[in-house]
Amino acid sequence: MSEAPVSISTRDGVRTITVQRPEKLNALNRQTLEALDAAFAEAAAAGDVRVVILTGAGAKAFVAGADIAEMNGLSAVQGRDFSLLGQRLMRRIERMPRPVIAMVNGFALGGGLELAMACHLRIAADSAKLGQPEINLGLIPGFGGTQRLLRLAGRAATLELCLLGAPIDATRAQQLGIVNRVVAAADLEAETLKIATQLARAAPLALRGMLDAVNVGGECGIEEGLEYESAQFGLMFSTQDMREGTRAFLERRAPEFQNC
């Protein structure tokens with residue numbers, strides 16, 4: 001039997017999910033997509049998980065794309081089904097009730113960039129390369145790349161990356177709003193864990209409310225978004241964590257949130 005395409009570890013509320021196909025530059029085949037979908041479903045339900053880090057095994061790639069060898073033999077119907085499988089995973093990540101950080105340690109191309117863009121935050125090594133090179137294969141992005149890239153970087157940058165198919169470096173990706181931070185490759189894990197630890201100590205229900213409000217606001221008009229934000233804001237007043245957070249502020253101490 002082949003090794004599992006995904007590994008999972010948890011420490012101090014931080015769940016790390018790693019794509020484990022370094023010999024294939026962590027390319028996404030059907031088995032890997034299904035394993036990731038199951039891993040994120042389990043992380044969403046786990047009571048001990050406050051934050052998720054997603055990364056790829058090895059020093060070369062986060063995820064270098066979808067598995068071209070597998071895609072080469074697909075029919076039109078099978079290709080659509082493969083796209084829907086990837087999109088289902090991306091939506092699951094995007095709608096996670098706790099923050100997901102993409103730790104981009106190398107190539108994030110095609111399906112790899114689409115996977116990173118579905119995460120809530122993206123921290124990239126200064127050596128990382130990102131892009132949507134599907135045009136070079138006679139394809140278009142199929143896991144949400146045209147839509148999420150448009151929302152992150154705008155129309156001009158989306159057309160540039162998709163039509164030309166050339167990768168960009170991490171600094172350029174940060175300038176376009178595709179990644180949040182760029183750090184030295186040697187510091188990537190430490191910096192990502194630092195952010196994850198900060199989030200793991202934050203109020204979980206407030207984090208979820210923020211994620212929900214941003215997701216809803218990104219898909220509706222301003223009035224509906226504002227109404228949803230007010231509803232979520234009011235809901236926080238029913239939580240013990242809100243009482244603890246405001247009390248701790250007044251008492252000049254660090255809060256101890258209990259997710260209730």
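The values are calculated or read from the model by the stated rules, or taken from the named source; none is laboratory data. Note that the structure is a prediction, hence the values are computed from the model and not measured. Neighbour counts run over all protein chains shown; Cβ positions are idealised from the backbone, glycine included. SASA here: full protein model, heavy atoms, side chains in, ligands and nucleic acids out. Shrake-Rupley method; radii C 1.70, N 1.55, O 1.52, S 1.80 Å.
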Exercise for the section: Towards the positive end of the charge dipole of the chain, with charges on Cβ (+1 Lys, Arg; -1 Asp, Glu), say which of Gln240, Ala213, Pro255 has the farthest Cα. Expected result: Pro255
Problem - Nearest 10 degrees, 0 to 90: helix 188-200 Cα axis against the chain principal axis - result: 40
Problem - Anisotropy class of the stretch 165-237 from Cα gyration tensor, a/c 1.5 cut - result: oblate
Exercise for the section: Would you mind classifying the stretch 120-260 by shape? Square roots of the alpha carbon gyration tensor eigenvalues, ordered a ≥ b ≥ c; an a/c under 1.5 is rounded, otherwise it is prolate if a/b is larger than b/c and oblate if not. Expected result: oblate
Completion exercise
Charge dipole of the stretch 53-135 built from unit charges on the beta carbon (Lys, Arg +1; Asp, Glu -1), centred at mean Cα; most positive-end Cα among Ala59, Val104, Ser75 is Val104
Handout entry: Spin-label proximity, Ala76 to the stretch 136-177 - amide N less than 16 Å from point 7 Å beyond Cα toward beta carbon
Key = 139-140
Completion exercise
Rounded to whole angstrom, the alpha-carbon centroid of the stretch 165-224 lies from that of the stretch 132-148 at a distance of 22
Problem - Lys129, Lys194, Lys24, reordered so the largest accessible area comes first (probe 1.4 Å) - result: Lys194, Lys24, Lys129
Problem - Top positive-direction residue, dipole computed over the stretch 166-227 with Cβ charges, set Ile222, Ile168, Thr197 - result: Thr197
Completion exercise
With all protein chains in place and a 1.4 Å probe, Arg243 shows an accessible area in Å² (nearest 10) of 100
Fill in the blank from the handout: Subtracting the Cα-Cα distance of Ala186 and Arg252 from 0.36 nm times their residue separation yields 20.2 nm
Exercise for the section: Calculate how steeply helix 222-236 sits against the longest principal axis of the alpha-carbon atoms of the chain, using the helix alpha-carbon long axis, and give the answer as 0 to 90 degrees to the nearest 10. Expected result: 50
Completion exercise
Burial-style ranking of 62-68, 44-50, 110-116, 182-188, average other-beta-carbon count within 10 Å with highest first, yields 110-116, 62-68, 182-188, 44-50
Exercise for the section: Between Met71, Met210, Met103, find the one with the highest GNM mean-square fluctuation for the chain; connect C-alpha pairs within less than 10 Å. Expected result: Met71
Practice task
Round to the nearest 10 and give me the degree value, 0 to 90, for the angle of helix 240-250's Cα axis relative to the longest principal axis of the chain.
Solution key: 70
Completion exercise
With every protein chain kept in place and a 1.4 Å probe, the chain has an accessible area per residue in Å² of 52
Fill in the blank from the handout: Answer in debye to the nearest 20: the dipole magnitude of the chain about its Cα centre, from +1 Lys/Arg and -1 Asp/Glu charges placed on Cβ, is 260
Fill in the blank from the handout: Taking the chain and counting helices only, DSSP H stretches of n ≥ 4 at -39,500 (n - 2.57) each over all residues, the nearest-500 ellipticity at 222 nm comes to -14500 deg cm²/dmol
Exercise for the section: Starting from the Cα gyration tensor of the stretch 81-171, take the square roots of the eigenvalues, sort them a ≥ b ≥ c, and report rounded, prolate or oblate (rounded when a/c is under 1.5, otherwise prolate if a/b is larger than b/c, else oblate). Expected result: oblate
